[in-house]
Amino acid sequence: MLSIVEIGQLPIYNQDGDENPPTAWSTFRERIKAADAVLFVTPEHNRSVPAALKNGLDVGSRPYGKSVGSGKPGAVVSASPGAIGGFGANHHLRQSLVFLNVPAMAQPEAYLGGADKLFDASGKMVNEGTRKFLESYMQAYAAWVGANAKA
């Protein structure tokens, strides 16, 4: 089952909060810890990930040695209105995932270019080719999770 873990409400990570973490940090960490895998879907901001996502990585990986995502299979989907579909964000996030010990699916890769034209005003996908690609991507991801899930 897929569930969305919101990151927008997380207080900015500060090591001073490690001994008595905010409730939002604890809740976030518990949800990630309970997950079998993590699928990251991100826009691109200045050839990297948005600050909220970086903060989520920091909150989930601290205190040092207690990263809740360590060993969980992951994958990255990036999106941008530009032609290269968030390539910078995708690869920058993958660099962080290596350090955090989140094995990221290598293939297929998912860069959604022209993302502003893929959905209608109500959020419904209007591009059939992209829908088919994402279906096959999720099938590959499910196989990746099955092959790499923690025992």
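The values are calculated or read from the model by the stated rules, or taken from the named source; none is laboratory data. Just so it is clear, the model here is predicted, and its values are computed rather than measured. Cβ placement follows ideal geometry from the backbone for every residue including glycine, while neighbour counts extend to all protein chains displayed. Heavy atoms of the whole protein, side chains included, go into the accessibility calculation; ligands, DNA and RNA do not. Shrake-Rupley method; radii C 1.70, N 1.55, O 1.52, S 1.80 Å.
Looking at segment 1-33 only, could you name the residues that are part of a helix (DSSP H, G or I), among the polar types (S, T, N, Q) and more than 15 Å from VAL68 (Cβ to Cβ)?
Start the filter on segment 1-33 by keeping residues that are part of a helix (DSSP H, G or I), which leaves 15-17, 23-33.
Still in the running and among the polar types (S, T, N, Q): 15, 23, 26-27.
If the condition is that a residue be part of a helix (DSSP H, G or I), among the polar types (S, T, N, Q) and more than 15 Å from VAL68 (Cβ to Cβ), then GLN15, THR23 are the ones that fit.
If a residue must be of a type in the set (A, V, I, L, M), closer than 13 Å to LEU53 by Cβ and out of contact with any strand residue (DSSP E or B) (no Cβ under 8 Å at 6 or more places or on another chain), how many such residues does segment 80-100 contain?
Pass one, segment 80-100, residues of a type in the set (A, V, I, L, M): 83-84, 89, 93, 97-98, 100.
Checking which are closer than 13 Å to LEU53 by Cβ leaves us with 89, 93, 97, 100.
Subsequent filtering for residues that are out of contact with any strand residue (DSSP E or B) (no Cβ under 8 Å at 6 or more places or on another chain) retains 100.
Residues in segment 80-100 being of a type in the set (A, V, I, L, M), closer than 13 Å to LEU53 by Cβ and out of contact with any strand residue (DSSP E or B) (no Cβ under 8 Å at 6 or more places or on another chain): 1 in total.
Collect the residues in segment 86-126 that are in a loop (DSSP other than H, G, I, E, B) and touching a residue at least 40 places away in the same chain (Cβ under 8 Å), keeping them in residue-number order.
GLY86, LEU100, VAL102, PRO103
Applying the selection to segment 80-101, what residues are open to solvent by less than 50 Å² (accessible area, probe 1.4 Å) and farther than 24 Å from SER61 by Cβ?
Selection gives SER80, GLY82, GLY85.
Filter segment 34-65 for residues that are at pLDDT 95 or above, open to solvent by 70 Å² or more (accessible area, probe 1.4 Å) and in a strand (DSSP E or B) and give the result.
Across segment 34-65, the qualifying residue is only VAL41.
Scan segment 127-137 residue by residue and report those that are without any contact (Cβ under 8 Å) to a residue 60 or more places away in the chain and either closer than 20 Å to VAL49 by Cβ or in a helix (DSSP H, G or I) (or both).
GLU128, GLY129, THR130, ARG131, LYS132, PHE133, LEU134, GLU135, SER136
Looking only at residues that are within 19 Å of the chain's Cα centre (by Cα) and surrounded by fewer than 10 Cβ atoms within 10 Å (Cβ to Cβ) in segment 102-134, which one is farthest from GLY71 (Cα to Cα)?
Per the criteria, the residue is GLN107.
Report, by residue number, each residue of segment 135-147 that is under 17 Å from VAL102 (Cβ atoms), open to solvent by less than 50 Å² (accessible area, probe 1.4 Å) and not aliphatic (A, V, I, L, M).
Residue satisfying the conditions is TYR141 alone.
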